[in-house]
1. Residue pairs, Cβ under 8 Å, 6 or more apart or interchain, first in segment 109-135 and under 22 Å from Leu179 (Cα atoms), second part of a loop (DSSP other than H, G, I, E, B). List them.
2. Are there any pairs with C-beta distances below 6 angstrom linking a residue in segment 482-493 that is on the phi < 0 side of the Ramachandran plot and among the polar types (S, T, N, Q) to a residue that is in a helix (DSSP H, G or I) and buried (at least 18 other Cβ atoms within 10 Å of the Cβ), with the two at least 6 apart or on different chains, and if so which?
3. Given the structure, is Leu509 crowded, with 17+ Cβ neighbours inside 10 Å, in contact with a helix residue (DSSP H, G or I) (Cβ under 7 Å, 6 or more places away or on another chain) and under 19 Å from Met349 (Cβ atoms)?
4. Got a sec? Which of Thr378, Thr386, Thr382 is assigned to a helix (DSSP H, G or I), without any contact (Cβ under 8 Å) to a residue 40 or more places away in the chain, farther than 30 Å from Leu68 by Cβ and not basic (Lys, Arg)?
5. Which of the following residues is surrounded by fewer than 17 Cβ atoms within 10 Å (Cβ to Cβ) and part of a loop (DSSP other than H, G, I, E, B): Leu476, Leu437, Leu541?
6. Go through (1) small (Gly, Ala, Ser); (2) over 19 Å from Ile343 (Cα atoms); (3) not in a helix (DSSP H, G or I) and name the single condition Gly527 misses.
7. Checking the conditions here, which among Val350, Val337 is crowded, with 21+ Cβ neighbours inside 10 Å, part of a helix (DSSP H, G or I) and modelled with pLDDT under 85?
8. For the structure I just gave you, tell me whether Ala226 is part of a helix (DSSP H, G or I) and under 19 Å from the mean Cα position of the chain (by Cα).
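The values are calculated or read from the model by the stated rules, or taken from the named source; none is laboratory data. No experiment lies behind these values; they were computed from the predicted model shown. Please note: Cβ atoms are built from the backbone with ideal geometry, for glycine as well, and neighbour counts cover all protein chains shown.
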Amino acid sequence: MSSGKKSDSNFLVQGSILAIASIVSRIIGLLYRIPMTNIIGDTGNSYYSAAFEIYNILLIISAYSLPLAVSKLVSARVSKGQRKNAYRIVKGALLLATGTGLTASLILFFGASFFTNMLNTPLSIFALKVLAPTILVVAVLGVLRGFFQGLGTMMPSAISQIIEQIVNAIVSIAAAYILYGYGARIGAVLGNKEKYGSAYGAAGGTLGTNMGAVFALLFLGMLFLAYKRIFKRQMRRDTSSKTESYQNVFRVLIMTIVPVLLSTTIYNISAILDQGIYKNVAELQGYKPDDIDVWWGIFSGKYKTIINIPISIASAMAASCVPNLTGAYARKDRESVRSQINIAIRFIMVIAFPCTIGIAVLSGPILKLLHLYGSTGTTAATMLTTGAVAILFYSLSTLSNGLLQGINRMREPVKNAAIALGLHLIALLVMMFGLHLGIYAVVYSNALFAFFMCLFNAMSLRKYSGYRQEVVKTFLIPVAASAIMGVVVFGVYKGIFAVIKVNAIAAILAIVIGAVVYGAMLLLLKGLSEEELKKFPKGYLFVRIAKKLHLL
């Protein structure tokens, strides 16, 4: 097997390690959100969501692009044997992260009142102030994750993610419970027990985020110090003649960070714009502020929490693609570039299609299984059924952003995101003012935003990499297999539930049977060949099983 083929398979394996960690982290996040939501309620979820959306913008500006930038720059230098320059990139990035992270944390803490009033959610100020120091921690954490990813291993990032979420879950639940009671007592004195209880409970939830990041940083910091001795021995064997100046290090870091920062900011700012537009327009249309907060809490706390689980796979795959694509593109190995793009898109589509249809078909049972149904379950289920297509579009647009960055077309996602955002906001306003769709306008316009990103990114990939998108195996066969799976899943759930009347058993059996049916149909319809299946993680094992079942 050639090095190019090994690279093609390796980034799938590394991406899968990070994807599995992301899924585990998301599941932990989903599980702890259940008791936390029961503690703080949908109103508390609205405060929690508002604080996070403001925090995310400052995080993106100050630190979010650092892991990708560091991994890209470290990978490029290590591939050329320039270990000393790679280490200088890390040191420069740590200094930059400390400066930007500290500045953003101070802005967030002292500007909390301004930001929360801007979103018409003033009681989220407590959650936002608790979140403020997290930016500094995440900035430094991101550099260390980027360093290990640039070396071609996703395992340290994967383990740190799981540690982060476990600590986050424990602290969030405990702190939300304790602070909800404290806030309720304050609210009783001020004449608004429920709202202050929810606001302080949301702050408890954000304390978990802070402590989770701290523990992840401690883990990666100890790992970095242990590995530094090995890396310094490798540096002594570095025979490269040119040592980069720190002036050049900061220049390349900023040149790499800024385009990623802009595209990510535009990509994520839609959430904060959506909340501002939705809440203000809904209030103008005569809806009660309490109802508006509850609907937004359902959207952010239930709908987005569930659809973000499969989308996290695309984020992980994008992170693993960038270092490999950067290396292949630097070597001018266009065949490897196109092969890696093809494999990554095929992999994501094989996963995104069944997740989209499965969640749409089983929206209600999934919410009940996760104890997220409650009194607002019908609304949440309708959001998932009608808005599940966003999983498909966000998965593909997230991946294609990473692919474009991997081939050094850093400005393309910026331009594409800006156009998509403009079209998204027009659609949102039309749906709210013209069609009076309320919170569903946010659901549908979000899916449209991701669809436009897919479209524009696909055009850019074709233009700059020469990649020609294959349609039948990548899209048509997975959607056909998923549609058959959807019919089976719906029938199995209804049949089992009619007999035993236990949602958990019916839902779990329907999901397991659906996964088996989808895999079988994908192979029977020739969606994956034997050679292609071997490139997937544990591919040889799947090939042996498929042959025993006469599916190959």
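1. Sorted first by the residue in segment 109-135, then by its partner, the pairs are Phe109/Ala132; Phe109/Pro133; Ala112/Ala132.
2. Pairs that qualify, where the first residue is on the phi < 0 side of the Ramachandran plot and among the polar types (S, T, N, Q) and the partner is in a helix (DSSP H, G or I) and buried (at least 18 other Cβ atoms within 10 Å of the Cβ), are Ser482/Phe353; Ser482/Pro354; Ser482/Ile357.
3. Criteria not met by Leu509.
4. Among Thr378, Thr386, Thr382, only Thr378 is assigned to a helix (DSSP H, G or I), without any contact (Cβ under 8 Å) to a residue 40 or more places away in the chain, farther than 30 Å from Leu68 by Cβ and not basic (Lys, Arg).
5. On inspection, the qualifying residue turns out to be Leu437.
6. (2)
7. The conditions single out Val337.
8. no
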